[in-house]
Ligand SMILES: Nc1ncnc2c1ncn2[C@@H]1O[C@H](COP(=O)(O)OP(=O)(O)OP(=O)(O)O)[C@@H](O)[C@H]1O
Ligand SMILES: [Mg+2]
């Protein structure tokens, strides 16, 4: 067989779409051609994937390889397709069978030595895979706890391409998430530390209860910054649906920690007063990064005149 397939997910905003990766090993001078609107990072996958396959003990085909990502009209950005590209080529080369491959979404960037590196946007990608009816997903081990936040889909974590290939061949297991959910983050600053300021406290409580905007004005040193920083302490925890929504945004921003992947507290985002418009609203080329406004979704966007920290 000279045609191989694998599947991955393209994340745009916080929505994902399943991408089919095809590899064709045909006649012609050795070389790799990639089609299907790849961006620069994805164009560079050709070299990464080739080195990773060779360094994982498999042989890269000695003829022309055409890699196609579809839907062809959807722009593909980033390195998340590396694992899928490698497996599509190995499927075309008869190294891995289609049995497990065709039930699995593959996510992850490859290092030249074959290690699977974490990527941004794993949570929205796994959510999209589940919503499209996929049964299994393989992610880099470091992103496994984030992927495991999605229920009703089999999550596996791979350290490197060699382990992934063995699993696809039915020769070895991959890591599974341990199902442990991290405890909520302790609140750092507390409104009980504030002396007096009854009107301002009342204003904070009303803003917290009704999700209102709040402006604090007053002379220097009167406690405006201090009061605003204590607002998260009187907000309730996020509901499960809201927590997933916020976590998906932070996943795309690449701001999740591996040991505490689910954002359960309303985020508190305090951009510097010199922050640019694009850092506030987000965007950029490639896989757009959420700005401060999006990262403060369901939480607090604190715009101080000066002296804030993030
Ligand atoms: N009511 C208060 N209770 C306890 N500490 C207070 C109170 N008011 C002010 N402070 C202390 O004063 C410090 C300065 O307050 P803060 O920086 O919040 O003032 P500000 O109004 O933001 O000033 P600026 O306009 O200069 O930014 C606080 O960190 C806190 O230690
Ligand atoms: Mg201040």
task: Give the residue that is nearest to ligand 2 (Cβ to nearest atom), with candidates limited to residues of the range 239-261 that are in a loop (DSSP other than H, G, I, E, B) and surrounded by 21 or more Cβ atoms within 10 Å (Cβ to Cβ).
output: 256
- request: Among the residues of the range 281-307, count how many are buried (at least 17 other Cβ atoms within 10 Å of the Cβ) and either modelled with pLDDT under 85 or in a helix (DSSP H, G or I) (or both).
  value: 4
- prompt: So how many residues does the range 212-233 have that are modelled with pLDDT of 90 or more and either surrounded by 15 or more Cβ atoms within 10 Å (Cβ to Cβ) or under 18 Å from residue 268 (Cα atoms) (or both)?
  reply: 14
message: For the structure I just gave you, tell me whether residue 196 is in a loop (DSSP other than H, G, I, E, B), within 16 Å of ligand 2 (Cβ to nearest atom), at pLDDT 90 or above and outside the structural domain of residue 117 (by TED's automatic domain parsing).
response: no
query: From the list 208, 203, which residue is within 17 Å of residue 297 (Cβ to Cβ) and either within 16 Å of ligand 2 (Cβ to nearest atom) or not assigned by TED's automatic domain parsing to the domain that holds residue 144 (or both)?
result: 208
message: I'd like the full set of residues that are assigned to a helix (DSSP H, G or I) and under 11 Å from residue 107 (Cβ atoms), limited to the range 145-162.
response: 146, 147
message: Condition check: crowded, with 24+ Cβ neighbours inside 10 Å and either modelled with pLDDT under 95 or outside any helix (DSSP H, G or I) (or both). Does residue 67 satisfy that?
response: yes
Any hit, the range 117-127, residues being outside any helix (DSSP H, G or I), at pLDDT below 95 and farther than 29 Å from residue 61 by Cβ: yes
Checking residue 236 against (1) away from ligand 2 (no atom under 16 Å from the Cβ); (2) under 28 Å from residue 203 (Cβ atoms); (3) modelled with pLDDT of 90 or more, the condition it does not meet: (3)
- prompt: Which residues, taken from the range 201-234, are touching a residue at least 12 places away in the same chain (Cβ under 8 Å) and part of a loop (DSSP other than H, G, I, E, B)?
  reply: 214, 216, 223, 230
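The values are calculated or read from the model by the stated rules, or taken from the named source; none is laboratory data. Not measured: the values here are computed from a predicted model. Note that each Cβ is placed from the backbone with ideal geometry, even for glycine, and that neighbours are counted across all protein chains shown.
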